[in-house]
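Student: Please read through the structure below; I'll follow up with questions.
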Amino acid sequence: MHKKICIFTTAHPPFDVRIYHRQARSLFEADYNVVLLVAGKIHKKFRDEIKIKEIKRGKHRLWRFLSIFKMLSHCIREKADLYHFHDPELLPVGCALKHIMRKPVIYDCHENYPEVAYERTWYPQWFKPVLSKSIAFFEPLLAKCLDAVVCVVPDQQPRFERKKCLTVLVQNFPRLEIFQNENYKAIAREDKIIYLGNLSQARGIQTLIQMMTRLVQSHPHIKLVCLGTFSEQHVKINTLKWMQEYNLSTQIEFLPPVPHQQVPKHLFSSRIGLAPFLPQKHTMKMFAPNKIFEYMACKLPVVASRLPSLERIISDSGAGMLFDPTDPDDLYQKVVILLDDENLSSTLGNNGHDFVFRNFNWKHEEKKLLTLYQRLL
């Protein structure tokens, strides 16, 4: 009989790339019986053996904290052989499951959360250092009660290892097979540049708007496509005001998230991939944005902020150019260079494509995840 795995999250969407398209798919393909518990409404039904169960989400952010009791109840009813969760606020649920069910429990740590606390714009400034220190203290302390912690980047591991946690590094590299569809490769490049992912101040939405105010003057045929959602409503309101003020409504297009399998279609039809992260406590530490690798897989030259992690990726791969994240004019200059020099753009795009297929393949990370499961089960 196949071992049953219960994956659960309250913070991530049902078809999150890391959770569903990588980890859950890999576990299902390895003959595990996978059930995924998610918060919020599932808008599309997939005819798939991965069972996705919906837990109703409240409208207020406070719901995410109150929902841990409901999630615990659902997890117990699943009677799984192993539990794997993805949000720090679910650490108490993980500890309770370990005590009640006597089964292996894994915490998947997506971010350097003590630093990420400073990016949350809905918290008052005085509260952010308090929250950061609380996370830094309690996260590894609670994780110590579990069987393993899965980390995304190497510098997450020491704070858990100091508490004697078993840690495994499973990095956020793409499943490259979805980028090898011949139909996508035949798509012609259009006069557009693209940003993929959530839109927020920390991720440089204002920098993109300021860059476009210059690009619309020198290259009026080029559009900016943003494929993702706004993290905060006030950021969306301000962005639309800026667009109206600078007459950019026809030059910038906001598209809602699409199924993961359709992302390559948008990337292959673009000319440049953008990663304008601002310097923050989180981004000054090691991080590996998924969008960078997906740009590379689609042969897009990348223009990224000159931050330690991004500089290392771009320098090692030769896949793009770096700009000063505090200077929108520098971003504009780098974009113009690539738009005007097709040979350079093609060379950088090919460099990134070859590099990501050699080095950043989910197949390598999948083996580490499956080995951990075999060890715990």
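Student: Just checking, how many residues over region 160-180 are under 28 Å from residue 276 (Cα atoms) and of a type outside the set (A, V, I, L, M, F, W, C)?
Tutor: Residues flagged as under 28 Å from residue 276 (Cα atoms) and of a type outside the set (A, V, I, L, M, F, W, C) within region 160-180 amount to 6.
Student: Looking for whichever is free of Cβ contacts under 8 Å to residues at least 24 places away in the same chain and assigned by TED's automatic domain parsing to the domain that holds residue 324 here; the options are 251, 217. Which one fits?
Tutor: On the way: 251 fails: free of Cβ contacts under 8 Å to residues at least 24 places away in the same chain.
The conditions single out 217.
Student: Checking the condition surrounded by 15 or more Cβ atoms within 10 Å (Cβ to Cβ) and under 26 Å from residue 204 (Cβ atoms), which residue from 123, 118 passes? Walk me through it before giving the result.
Tutor: Details: 123 fails: surrounded by 15 or more Cβ atoms within 10 Å (Cβ to Cβ).
None of the other options fit; the residue is 118.
Student: Oh, and also: Taking residue 231 as meeting all but one of (1) under 24 Å from residue 360 (Cβ atoms); (2) under 23 Å from the mean Cα position of the chain (by Cα), write down the number of the exception.
Tutor: Checking residue 231 against (1) under 24 Å from residue 360 (Cβ atoms); (2) under 23 Å from the mean Cα position of the chain (by Cα), the one that fails is (1).
Student: For region 155-190, give me the residue count where each residue is without any contact (Cβ under 8 Å) to a residue 12 or more places away in the chain and closer than 24 Å to residue 266 by Cβ.
Tutor: 5
Student: Also, quick follow-up: Condition first: assigned to a strand (DSSP E or B) and surrounded by 15 or more Cβ atoms within 10 Å (Cβ to Cβ). Now tell me which residues in region 234-256 satisfy that.
Tutor: 252, 254
Student: For region 147-154, indicate whether the set of residues that are of a type in the set (Val, Ile, Thr), assigned to a loop (DSSP other than H, G, I, E, B), touching a residue at least 60 places away in the same chain (Cβ under 8 Å) and not assigned by TED's automatic domain parsing to the domain that holds residue 288 is non-empty.
Tutor: Yes, the conditions are met somewhere in region 147-154.
Student: Quick one: which helices (runs of 4 or more DSSP H) sit completely within region 273-359 and have at least 1 residues that are touching a Pro at 6+ places or on another chain (Cβ under 7 Å) and crowded, with 21+ Cβ neighbours inside 10 Å?
Tutor: Fully inside region 273-359 and qualifying: 290-297, 328-340, 342-359.
Student: With respect to residue 324, determine if the residue is modelled with pLDDT of 95 or more and out of contact with any helix residue (DSSP H, G or I) (no Cβ under 8 Å at 6 or more places or on another chain).
Tutor: Answer is no for this residue.
Student: Which of the residues that make up region 257-269 are out of contact with any Asp or Glu (no Cβ under 6 Å at 6 or more places or on another chain) and either surrounded by fewer than 19 Cβ atoms within 10 Å (Cβ to Cβ) or closer than 22 Å to residue 231 by Cβ (or both)?
Tutor: If the condition is that a residue be out of contact with any Asp or Glu (no Cβ under 6 Å at 6 or more places or on another chain) and either surrounded by fewer than 19 Cβ atoms within 10 Å (Cβ to Cβ) or closer than 22 Å to residue 231 by Cβ (or both), then 257, 258, 259, 260, 261, 262, 263, 265, 266, 267 are the ones that fit.
The values are calculated or read from the model by the stated rules, or taken from the named source; none is laboratory data. In this text the structure is predicted, and so the values were computed from the model without any measurement. Here the Cβ is made from the backbone with ideal geometry for all residues, glycine too, and neighbour counts use every protein chain on show.
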